[in-house]
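The values are calculated or read from the model by the stated rules, or taken from the named source; none is laboratory data. Bear in mind the structure is a predicted one, so any value in this text is a computation, not a measurement. In this analysis, Cβ positions are derived from the backbone assuming ideal geometry, glycine residues included, and neighbour counts consider all displayed protein chains. Calculation scope for accessible area: heavy atoms of the full protein, side chains included, ligands and nucleic acids excluded. Shrake-Rupley method; radii C 1.70, N 1.55, O 1.52, S 1.80 Å.
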Amino acid sequence: MSGVQLKSIVKAYGALQVVHGIDLEVAEKEFVVLVGPSGCGKSTTLRMIAGLEEISDGELKIDGRLVNQVAPKDRDVAMVFQNYALYPHLNVAQNIGFGLRIRKEPMTKIDAAVKEVSTILGLTEYLDRRPADLSGGQRQRVAMGRAIVRRPKVFLFDEPLSNLDAKLRTQMRAEIKRLHNRLGVTSIYVTHDQVEAMTLADRIVVMNNGRIEQIGTPMELFLNPANAFVAGFLGAPPMNQINAVIADGAHGPVAQFGGQQIALPPLPGLQNAVGRPVIVGIRPEYAEIATGAGEGVVQCDLDLVETLGSEALLHMSLGDTPFVIRTETLGNMANLSSVAGFTAKTDLIKVFDAKTGMALSGQTRVA
Ligand code: ADP
Ligand code: MG
């Protein structure tokens, strides 16, 4: 019974409910990322775990102990915020050691802990500086140091990298991951950035409108999104989604749209599928470019080629539906401007119910 457990956790502000009964078990040492669009309830959920927001209903356990009514300082968690929340009048050493001083730890112990943590974070040269005299990345490290030094059972991160520029963000992301590999502290990390979620998480929790859409490893969610929302949220560019209707093909089900069709994977448990409106999902990475008509080619119009270096993004249109193909540039450059369609491997095509958005196709193996 370690880690963090959320059972039917609800948050309401007066009559307005914003988190609708969340169930989540975070294992000891696990790194779990809550991801979802702005306003979906990520911060609220994290703040309930930290004790900064009251829990309206449900049970929260940390290390097996019910903590709904336990004060934040007694929950043994440390939180890192987007704005760092450093004390401007204290220097780096004092900021890092602050939590220990509040706990009235002996000075020698505080000094030793600050030294150890600042070494881990590469802050030893800056111990006498105040936050105003640090770069964004250094401030972020001090905020991390302040959390680490307390040796909490759980780290809570709320968009800790959002104030950094793109390059520093990528660098700090890797540092956070290394730090977690080294310290192994149970972590819950909130972000709206699906790349951070994919790269940091042992497991991702996709949230939407105060509910959990799906929980799984990054690759499980990437390959087998439970619904069209998750399919559209994870992956950049996101999975292409084409509105279609199921028909009987010569070798199994096909999806028909705009006078064209594409072969579908088996749809387990789906009876009388013919005529059913569906969304066909094809990742930009799993569509192959085609320059002419041919067996299995879906014809579309080329709008725009974006060359990124090793890869290019081809922005196509299928009538009114946009369709993006991601392709290698080496050996392909001469063809890109004459791309007239795509083919897709049947077993990598996803099918979702058009009304509910729920996945109808079977599982792609994470190998
Ligand atoms: P996220 O972190 O996913 O962007 P939040 O958890 O901050 O979202 O907010 C979830 C929802 O709760 C939002 O619709 C927000 O407007 C609402 N909310 C947050 N704090 C309050 C509050 N104090 N009173 C009323 N509504 C709030
Ligand atoms: Mg937030």
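Roughly what % antiparallel, to the nearest 5, for the DSSP beta bridges in the chain?
Taking every DSSP beta bridge with both residues in the chain, the antiparallel ones total about 75 percent.
Gaussian network model of the chain, Cα springs within a sub-10 Å range: biggest mean-square fluctuation belongs to which of 107, 219, 48?
Comparing 107, 219, 48 in a Gaussian network model of the chain, the most mobile one is 107.
Quote the relative contact order of the range 4-232 in percent (integer), defining contacts as alpha-carbon pairs under 8 Å separated by 6+ residues.
29 percent
In the chain, with Lys and Arg counted as +1 and Asp and Glu as -1 at Cβ, which of these residues, 335, 188, 112, has the Cα nearest the positive end of the dipole, that is, farthest along it?
Working it through, the farthest residue towards the positive pole turns out to be 112.
About its Cα centre, what dipole magnitude does the range 137-181 give when the only charges are +1 on Lys and Arg Cβ and -1 on Asp and Glu Cβ, stated in debye to the nearest 20?
Computed about the Cα centre, the dipole is about 240 debye.
Name the residue farthest towards the positive end of the dipole of the range 4-232 from the options 214, 56, 21, assuming +1 on Cβ of Lys and Arg, -1 on Cβ of Asp and Glu, about the Cα centre.
It is 56.
Residues of the chain: accessible area per residue at 1.4 Å, in Å²?
For the chain, the solvent-accessible area averages 48 Å² per residue.
Can you list the residues of the range 133-177 with backbone N under 12 Å from a point 7 Å past the Cα of residue 195, pointing along Cα to Cβ?
165-174
Please get the size of the charge dipole for the chain, origin at its Cα centre, with Cβ charges of +1 on Lys and Arg and -1 on Asp and Glu, quoted in debye to the nearest 20.
So the dipole magnitude of the chain works out to roughly 1560 debye.
Quick one: which residues, 5 or more positions from residue 291 or on another chain, have an amide H under 5 Å from its amide H? H modelled 1.01 Å from N in the peptide plane, none for Pro or chain starts.
Here the answer is 340, since their amide H atoms fall under 5 Å of that of residue 291.
Find which of 85, 264, 309 sits farthest along the positive direction of the dipole of the chain, computed with +1 on the beta-carbon of Lys and Arg, -1 on that of Asp and Glu, about the Cα centre.
Highest projection toward the positive end goes to 85.
What dipole magnitude, in Debye to the nearest 20, does the range 237-353 give about its Cα centre under +1 on Lys/Arg Cβ and -1 on Asp/Glu Cβ?
Value, rounded to 20: 240 debye.
Could you list which residues have their amide H under 5 Å from that of residue 278, counting only those 5 or more apart in sequence or on another chain, with H placed in the peptide plane?
The answer is 244, 245, 246, 354.
May I ask you to give the percent of accessible area on the chain that is carbon plus sulfur, with a probe radius of 1.4 Å?
50 percent
Which length gain, in nm to one decimal place, applies between residue 130 and residue 306 when the Cα-Cα distance is subtracted from 0.36 nm times their residue separation?
Between residue 130 and residue 306, full extension yields an extra 59.0 nm.
Starting from the amide H of residue 207, placed 1.01 Å from N in the peptide plane, find each other amide H under 5 Å away whose residue is 5 or more places distant or on another chain.
Amide H neighbours of residue 207, under 5 Å, 5+ apart: 35, 36, 213.
Just to confirm my numbers, what's the Cα centroid distance between the range 123-161 and the range 263-331 in Å?
45 Å
Could you pull out every whole DSSP H run in the chain that spans at least 15 Å of Cα extent along its own axis and averages 0.5 or higher on the Kyte-Doolittle scale?
The answer, listed by residue number, is 92-102.
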